[in-house]
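Peer 1: Take a look at the following structure, please.
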Amino acid sequence: MPDLVKRRIALLTSGGDAPGLNAVIRAVTKTAINAYGCTVFGIEDGYEGCIKRQFRELKIDDVRGILPRGGTILGASNRCNPFWYTHRAAGETEPRDHSGDVVEWLSELDIDALIVIGGDGSMAVAKELHQLGVPIVGVPKTIDNDIQGTDVTFGFDTAVTTVMDAIDKLHTTAESHHRVMIVEVMGRNGGWIGLYAGLAGGADVILIPEIPFSLDSVQRKIERRAAGERSFTMIVVAEGSAPIGGTEIYETIGPLAYERRYGGMGSWVAEQLQSRLEQEVRLVVLGHLQRGGAPNGRDRLLGTIFGSGAMHLVANGQTGHMVALVSERGNPGSPTLAPVPLSIAGSGPRRVPLDHAAVIAARDLGITLGEPKAEQQ
Ligand code: F6P
């Protein structure tokens, strides 16, 4: 059995849930116990559990049967930042920096590594805690697929499939009623879900944050279709998209860049288009459906590979890193696991590059991306 200098491992699931979290918890726990003989602790409700000091030991029996389950058996807290947190249960009314308490508690717990399963905001917090001396390894989680340093995050593929299924269903009703159907999808200020699901579902218009859109261009697309044989139009609107010269729609709920609650752009686009068109325009906001349900095969596999890979980083002394799936240059078909510094993983969202193959394919297929000059059929 490989030797680990340190033998007590803690893990937590941070941020919005994503299909595959339980697969990671199971893989970390089994690898830690089977391969390294460690004791494993699950911290409850993400970083909040570090502040409230809530945890339990995880044994092999505790992770049996959880692979196909959505959500997280440990609970999660979205937007809990130990550096800026109001501990209401302790009578606090204003946010304050709890990072010192967290470092102290983790040191009292005598843990040798903390595995943080989270998105880019959680990786940014992990980087700061690591700088304060907490040995941390990250695992890239989010349906948004927007973490720097990894080609893919677990949870994304299941979300794309959920949106694609919804678009398939909406297609038949849109066609029957000759309607313009708008689907607002998640993704914050990245267009990965909208672009991939829009392509997979055969949408006619896909609006993503990386490409500010022209309503005129969308209107022309709808009118061309209505004048032809196809009297319906399927539009995907990513929640973080915005019109040219306009702004994103979100609610600010905290001081940090990621503390925004997006939503409303689908409704705005629907209202604008309805005021321009005779045709009926309807909106569906998929919301948290995109995060729910069982992980698909790819996310179960990714979660499992990431979970075991994270434990190997701990064993190799590579704390301060996130486990990532990275394609070798010139060999995109064969990605491998690699450690990426937390400073990169937490350096802000990874957005869709405009020369991405999916953007090129969308243009080639005549899908309107809202660009003012691109007039497709
Ligand atoms: O980051 C995942 C995500 O689902 C985003 O796509 C979305 O904007 C956000 O979380 C919603 O967060 P909440 O569940 O806190 O409303």
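Peer 1: Quickly run through the range 187-202 and pick out the residues that are within 12 Å of the ligand (Cβ to nearest atom) and part of a helix (DSSP H, G or I). Let's see the steps before the verdict.
Peer 2: Pass one, the range 187-202, residues within 12 Å of the ligand (Cβ to nearest atom): 187-194.
Matches in the range 187-202: Trp192, Ile193, Gly194.
Peer 1: Going through Ile208, Ile222 one at a time, which residue ends up being within 16 Å of the ligand (Cβ to nearest atom) and within 17 Å of Pro372 (Cα to Cα)? It would help to see each step written out before you state the result.
Peer 2: Working: Ile222 fails: within 16 Å of the ligand (Cβ to nearest atom).
Just one listed residue meets the conditions, Ile208.
Peer 1: Test Met265 against the stated conditions and say whether it is closer than 20 Å to Met186 by Cα and either out of contact with any Asp or Glu (no Cβ under 9 Å at 6 or more places or on another chain) or more than 13 Å from the ligand (Cβ to nearest atom) (or both).
Peer 2: Values: closer than 20 Å to Met186 by Cα: yes; either out of contact with any Asp or Glu (no Cβ under 9 Å at 6 or more places or on another chain) or more than 13 Å from the ligand (Cβ to nearest atom) (or both): no.
It is false that Met265 is closer than 20 Å to Met186 by Cα and either out of contact with any Asp or Glu (no Cβ under 9 Å at 6 or more places or on another chain) or more than 13 Å from the ligand (Cβ to nearest atom) (or both).
Peer 1: Could you say whether any residue in the range 64-73 is assigned to a loop (DSSP other than H, G, I, E, B) and in contact with a strand residue (DSSP E or B) (Cβ under 8 Å, 6 or more places away or on another chain)? Quick ask: steps written out before the conclusion?
Peer 2: Going through the range 64-73, the residues assigned to a loop (DSSP other than H, G, I, E, B) turn out to be 64-73.
Narrowing further to those that are in contact with a strand residue (DSSP E or B) (Cβ under 8 Å, 6 or more places away or on another chain): 72-73.
Yes.
Peer 1: Does the range 55-77 include one or more residues that are within 16 Å of the ligand (Cβ to nearest atom), under 27 Å from Asp97 (Cβ atoms), at pLDDT 95 or above and surrounded by fewer than 23 Cβ atoms within 10 Å (Cβ to Cβ)?
Peer 2: Checking the range 55-77: at least one residue is within 16 Å of the ligand (Cβ to nearest atom), under 27 Å from Asp97 (Cβ atoms), at pLDDT 95 or above and surrounded by fewer than 23 Cβ atoms within 10 Å (Cβ to Cβ).
Peer 1: Please state which one of Ser267, Ser275 is in contact with a Leu (Cβ under 9 Å, 6 or more places away or on another chain) and among the polar types (S, T, N, Q). Break it down stepwise before answering.
Peer 2: Numbers: Ser275 fails: in contact with a Leu (Cβ under 9 Å, 6 or more places away or on another chain).
The conditions single out Ser267.
Peer 1: Tell me, which residue of the range 230-253 that is more than 11 Å from the ligand (Cβ to nearest atom) and modelled with pLDDT under 95 is farthest from Val284 (Cα to Cα)?
Peer 2: Going through the qualifying residues, I end up with Thr252.
Peer 1: Give the range 151-164 a look and list any residue that's within 12 Å of the chain's Cα centre (by Cα) and either under 29 Å from Asp97 (Cβ atoms) or not β-branched (Val, Ile, Thr) (or both), or say none. I'd like the intermediate steps shown before the answer.
Peer 2: Within the range 151-164, the subset within 12 Å of the chain's Cα centre (by Cα) is 152-160.
Answer for the range 151-164, where residues must be within 12 Å of the chain's Cα centre (by Cα) and either under 29 Å from Asp97 (Cβ atoms) or not β-branched (Val, Ile, Thr) (or both): Thr153, Phe154, Gly155, Phe156, Asp157, Ala159.
Peer 1: Filter the range 91-125 down to residues that are of a type in the set (Gly, Ala, Ser) and within 16 Å of the ligand (Cβ to nearest atom), then give me how many there are. Please lay out each step first, then the result.
Peer 2: Here is the first cut: in the range 91-125, the residues of a type in the set (Gly, Ala, Ser) are 91, 99-100, 107, 113, 118-119, 121-122, 124.
Add one more test, that the residue is within 16 Å of the ligand (Cβ to nearest atom), and what stays is 118-119, 121-122, 124.
So the count comes out to 5.
Peer 1: Let me ask something else. On the basis of being in a loop (DSSP other than H, G, I, E, B), crowded, with 21+ Cβ neighbours inside 10 Å and either within 17 Å of the chain's Cα centre (by Cα) or away from the ligand (no atom under 16 Å from the Cβ) (or both), does Pro339 make the cut? So that I can check it myself, show each step before the final result.
Peer 2: Working: in a loop (DSSP other than H, G, I, E, B): no; crowded, with 21+ Cβ neighbours inside 10 Å: yes; either within 17 Å of the chain's Cα centre (by Cα) or away from the ligand (no atom under 16 Å from the Cβ) (or both): yes.
Considered against the rule, which asks whether it is in a loop (DSSP other than H, G, I, E, B), crowded, with 21+ Cβ neighbours inside 10 Å and either within 17 Å of the chain's Cα centre (by Cα) or away from the ligand (no atom under 16 Å from the Cβ) (or both), Pro339 comes out as no.
Peer 1: Exactly one of (1) in contact with a helix residue (DSSP H, G or I) (Cβ under 9 Å, 6 or more places away or on another chain); (2) closer than 25 Å to His178 by Cα; (3) surrounded by 15 or more Cβ atoms within 10 Å (Cβ to Cβ); (4) not charged (D, E, K, R) is unmet by Gly202. Its number?
Peer 2: (3)
Peer 1: Another question, if that's okay. Across the range 143-165, which residue is farthest from the ligand (Cβ to nearest atom) among those that are at negative phi and in contact with a Ser or Thr (Cβ under 8 Å, 6 or more places away or on another chain)?
Peer 2: Of all residues in the range 143-165, those at negative phi come to 143-144, 146-148, 150-154, 156-165.
Subsequent filtering for residues that are in contact with a Ser or Thr (Cβ under 8 Å, 6 or more places away or on another chain) retains 143-144, 146-148, 151, 153, 156.
On the way: Ile143: 5, Asp144: 5, Asp146: 8, Ile147: 10, Gln148: 15, Asp151: 18, Thr153: 10, Phe156: 10 Å.
By that ranking, first place goes to Asp151.
Peer 1: I would also like to ask the following. Which one is surrounded by the fewest Cβ atoms within 10 Å (Cβ to Cβ) among residues in the range 269-302 that are within 16 Å of the ligand (Cβ to nearest atom) and part of a helix (DSSP H, G or I)?
Peer 2: Filtering first and then ranking leaves His288.
Peer 1: Just to be sure, is Ser217 at negative phi, modelled with pLDDT under 95 and either touching an Asp or Glu at 6+ places or on another chain (Cβ under 7 Å) or among the hydroxyl-bearing types (Ser, Thr, Tyr) (or both)? Explain how you work it out, then say what you get.
Peer 2: Details: at negative phi: yes; modelled with pLDDT under 95: no; either touching an Asp or Glu at 6+ places or on another chain (Cβ under 7 Å) or among the hydroxyl-bearing types (Ser, Thr, Tyr) (or both): yes.
For Ser217, the condition - at negative phi, modelled with pLDDT under 95 and either touching an Asp or Glu at 6+ places or on another chain (Cβ under 7 Å) or among the hydroxyl-bearing types (Ser, Thr, Tyr) (or both) - is not met.
Peer 1: Also, I was wondering about something else. Would you mind finding the one in Leu21, Leu12 that is in contact (Cβ under 8 Å) with a residue 12 or more places away in the chain, closer than 15 Å to Ala310 by Cβ and more than 16 Å from the ligand (Cβ to nearest atom)?
Peer 2: Working: Leu21 fails: more than 16 Å from the ligand (Cβ to nearest atom).
Exactly one residue qualifies, and that residue is Leu12.
Peer 1: Hey, another quick one. Any residue in the range 95-114 that is in contact (Cβ under 8 Å) with a residue 12 or more places away in the chain sitting within a Cβ distance under 7 Å of a residue that is part of a loop (DSSP other than H, G, I, E, B) and among the β-branched types (Val, Ile, Thr)? List the pairs, counting only those 6 or more apart or interchain.
Peer 2: Val103/Val134; Leu106/Val134; Ala113/Thr319; Leu114/Val134
The values are calculated or read from the model by the stated rules, or taken from the named source; none is laboratory data. Please read all numbers here as calculations on a predicted model, not as lab measurements. Glycine also receives a Cβ, built like all others from the backbone with ideal geometry; neighbour counts cover every protein chain displayed.
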